[in-house]
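A short write-up of the structure that comes next.
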Amino acid sequence: MNTYLLKRLFLLVPLLLGVTLLTFTLTKALPGDPVLSMVGERAQPEVIEKIRKELGTDKNVFSQYLGYVGLMLKGEFGRSYYTNRKVFDDILLKFPNTLKLALGAMIIAIPVGLFLGFISAYKKDTITDRVISSLSVTGLSLPVFWSGLLLMLFFSLKLKLFPPSGTGDIRFLILPSITLSLPAIATLTRVTRTTLIEIYDMPFVATARAKGITELKINFIHVFKNAFIPLVTVIGLDFGSYLNGAVLTETIFGWDGIGRFTMEGIIKRDYPVIMGCIIVGTIIFVLINLLVDVIYHYLDPRVRLHENSR
Amino acid sequence: MRIAGKISIAILILISLLSLFAPFVSGYNPDKINLDSLKEPPSFEHPFGTDNKGRDIFSRVLYGGRISISVALTAAFFSMGIGLVVGLFSGYFGGKIDTAIMALVDLILSFPTLLLAIGVSIIFPPGIYTVMIAIAAVGWASFARLIRGYILTLREAPFVEAARALGCSDMRILFVYLMPQCIPLSLVMMGLKLGGYILTEASLSFLGLGAQPPTATWGSMISANRAYISSALWMVLFPGLMIAVTALCFNTLGDTLRDRYGLHFH
C-alpha cells in the first residue's frame, strides 16, 4: 500500500518539472528582463539584485532553471506589475473563495447528476431517457460565460432574487455555483448512465432479480455499490476542473477568486500573475487527481489486489 | 439518434455555408460603424439587431462563424495529424521511444486544458493562429494515445506480417498499411472533440487571447457586449446561441458516429 502511494507521489516530480519548465520557458520567451518581469519594474534595486543572484542570470540556462525552481519552492512567484504585491500572497488570499465556489457547484452537481443519470439508465431507451440524454449533451455544449450571463440577467437583473455580481455571503454564491455546475451535471449524468447500464447487464443483477429481490434493494444495494467507485473518480476529477473552470465563471460574476485573478492578469498582461495562477492551478489539479487515485485504491479491493500482485 | 445526427449535419452545413457566403447573405459590412443605428433591437433590416457601435450583429455573427469554425477545424486537423503520426510511431516501434512519448502524453493530459491553452497562448501574440496552436498543442495527446492503443492491436495482424514477409520497409508498413486503418477511428475521435474545440476557441476569444478587435468572433462579441446585457440582450444572446448550437451539433454528431461504429473510448 505504502509503496503504491510512494510510486504515485514520485510521478508528481516529472509533472511539476513539466509545469515549471513551461512557465520558465514563458519567462524566457517574454520580451525584456526576466528578473524585472518576476519582481516588477517598481521593485527596490536590492531586491532585484538579490533575485538576480538567486536566479543566476549570469550563469547558463540550466542553473537558471534550478534557481527558478528554488525560488518557487520558497513561495516566491514574483510580484504583480500593477499592485506590486506578492503573487503568492494574493493567491493564498483568493483561494478560499474559489474553493467555496467549487464546493457550491459540487453540492448542486452531485445529487442532480446522479439522479438524472440513474433515471436515464433505469428507463433506458424510453422517451425519458432520450430527453435527459439530449439535455445532458446540451449542457456540455453551453459556453459557461454565456449561460452565466443569461442566468444573471434573469435571476438578478429581472427577478432581483440574487445580487448580480460581487463576492460575499451565500446569496452571491448561488448563481455562479449553478453556472459552474451545469457542465458538471451534464458530464456526471452521462457517466452515471453509462456506468449503470453496464452494471444492469451483469449476471449478478439478473440473479438478484431471479431471486425476487425488490427493485429498490437491487438498485441501492447491488447496483449502486458497484457504480460507486467509477462515480467517485469522475466526481473527484470534476472537482479539480471546477477549480480551474472557474476562470470564466468568476469573471462573469465578479467573484474574487483565483479564476478572476488569472483573467485580470491576462487582460493587463501581468505575466507573474498569469504564471503564478497557472502553476498553482496545475498543482491543485494534479494533487486532486492523486487524491482520487488513492481513494479509488482504498475503496476497491480489486484494484488493490491487482496492484499488489504486480 | 440517427435522425439527430442527420439534423446536426444539416445545421452545421447551413451555418458553414451562411458564414462562407456571408457577403452575399448579409448586405452589411460587419466592422462598419454606423452611428445612425445604435443598439437597435432585432428587426427585418437587422435580424439579430445592432450593437453599441451600430454594427449589424447578424453579419458579425456570420463573419465570426468563419473564424470560430475554421479555427476549430484547423486545430482539429492538426491535432489529428500530429496525434496520428506520433501514435503510429509510438505503437509500432514500442520500446523506449514509446515509453517517453506516452509519458509526455500523460503529462499533457493531466494538465487542466484551459490553463494549458492560456499558458501556450500568452507566449504568442493574441490572434487566430495562437488559438489554433493552443488547442492543437493540447489536443494531439488524446489522438496519440488512442491511435497507439489501436496500433498495438494491429501490429501483429496477419496483413502486417504478410507485408513484412514481402520485404516492405517499416515506413511503408506504417504509412501504406497501418495508417489507412486508423483513419475512421481518428475521424470519430475528431467528431467527439470538435464540440469541445469550438468551446475552447470561444473561451480563449472571450478571454481576449483570440482574434483582436474589430474582427468579430463569437466569444469576443460576448466579451465586448456583456455590459449591455440588460438593455440590449440580443447583443449577447445571438453570438452565444451560435456557439451553443454549433457545439451541440458537433457533440451530437460525435456521439452518433461513436454509437454507429461501436467504439469505446476511455
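Brief remarks on what is shown
- From B:123, B:133, B:128, B:82, residue being more than 25 Å from residue B:161 (Cβ to Cβ), in contact (Cβ under 8 Å) with a residue 60 or more places away in the chain, hydrophobic (A, V, I, L, M, F, W, C) and open to solvent by 60 Å² or more (accessible area, probe 1.4 Å): B:82
- Number of positions in region A:157-192 that are under 23 Å from residue B:248 (Cα atoms) and open to solvent by 60 Å² or more (accessible area, probe 1.4 Å): 1
- Screening region A:113-128 for residues that are touching a residue at least 12 places away in the same chain (Cβ under 8 Å) and open to solvent by less than 60 Å² (accessible area, probe 1.4 Å) and picking the one that is nearest to residue A:196 (Cα to Cα) gives A:121.
- Selection count where residues are more than 10 Å from chain A (Cβ to nearest Cβ) and touching a residue at least 40 places away in the same chain (Cβ under 8 Å), scope region B:206-219: 7
- Test: residue in region A:203-224 that is of a type in the set (D, E, K, R), in the same structural domain as residue A:289 (by TED's automatic domain parsing) and at pLDDT below 85: yes
- Screening region B:36-56 for residues that are within 28 Å of the chain's Cα centre (by Cα) and in a loop (DSSP other than H, G, I, E, B) and picking the one that is modelled with the highest pLDDT gives B:55.
- Residue in region A:193-224 that is surrounded by the most Cβ atoms within 10 Å (Cβ to Cβ), counting only those that are under 34 Å from the mean Cα position of the chain (by Cα) and of a type in the set (Asp, Glu): A:198
- Any chance residue B:97 is more than 9 Å from chain A (Cβ to nearest Cβ) and open to solvent by less than 60 Å² (accessible area, probe 1.4 Å): no
- Search result, residues across region A:265-292 that are among the charged types (D, E, K, R) and either at the interface with chain B (Cβ under 10 Å from one of its Cβ atoms) or surrounded by fewer than 17 Cβ atoms within 10 Å (Cβ to Cβ) (or both): A:268, A:269
- Checking each residue in region A:240-262 for being away from chain B (no Cβ under 11 Å) and surrounded by fewer than 23 Cβ atoms within 10 Å (Cβ to Cβ) picks out A:254, A:256.
- Scanning region B:1-16 for residues that are buried (at least 16 other Cβ atoms within 10 Å of the Cβ), within 17 Å of the chain's Cα centre (by Cα) and over 18 Å from residue B:62 (Cβ atoms) returns a single hit, B:8.
- Test: residue in region B:17-25 that is at pLDDT 85 or above and either among the polar types (S, T, N, Q) or crowded, with 18+ Cβ neighbours inside 10 Å (or both): yes
- Where helices (runs of 4 or more DSSP H) fall wholly inside region B:126-230, the ranges with 1 or more residues that are under 14 Å from the mean Cα position of the chain (by Cα) are B:128-154, B:179-206, B:218-225.
- Checking residue A:83 against (1) farther than 30 Å from residue A:294 by Cα; (2) modelled with pLDDT of 75 or more; (3) open to solvent by less than 50 Å² (accessible area, probe 1.4 Å), the condition it does not meet: (3)
- Matching residues, region B:59-68, being more than 13 Å from residue B:205 (Cα to Cα) and of a type in the set (Val, Ile, Thr): B:61
- Residue within region A:71-78 that is in a helix (DSSP H, G or I) and closer than 18 Å to residue A:284 by Cβ present: yes
- Candidate set from region B:26-41 (those that are in contact (Cβ under 8 Å) with a residue 60 or more places away in the chain and open to solvent by 60 Å² or more (accessible area, probe 1.4 Å)); member that is nearest to residue B:214 (Cα to Cα): B:31
- Residue A:153 being in the same structural domain as residue A:298 (by TED's automatic domain parsing), part of a helix (DSSP H, G or I) and touching a residue at least 24 places away in the same chain (Cβ under 8 Å): no
- Region B:234-243, residues that are at the interface with chain A (Cβ under 7 Å from one of its Cβ atoms) and open to solvent by 10 Å² or more (accessible area, probe 1.4 Å): none
- Taking region A:163-222 as the range and being without any contact (Cβ under 8 Å) to a residue 12 or more places away in the chain, assigned to a helix (DSSP H, G or I), more than 25 Å from residue A:108 (Cα to Cα) and not polar (S, T, N, Q) as the test, the residues that pass are A:198, A:203, A:206, A:209, A:210, A:215, A:217.
- Flag if residue A:131 is of a type in the set (Val, Ile, Thr), within 13 Å of another protein chain (Cβ to nearest Cβ), part of a helix (DSSP H, G or I) and under 24 Å from residue A:224 (Cα atoms): yes
The values are calculated or read from the model by the stated rules, or taken from the named source; none is laboratory data. Since the structure is predicted, the reported quantities are computational estimates derived from the model, not experimental observations. Every residue, glycine as well, gets a Cβ built from its backbone with ideal geometry; the counts of neighbours run over all protein chains shown. With ligands, DNA and RNA removed, areas are computed over all heavy atoms of the protein, side chains included. Shrake-Rupley method; radii C 1.70, N 1.55, O 1.52, S 1.80 Å.
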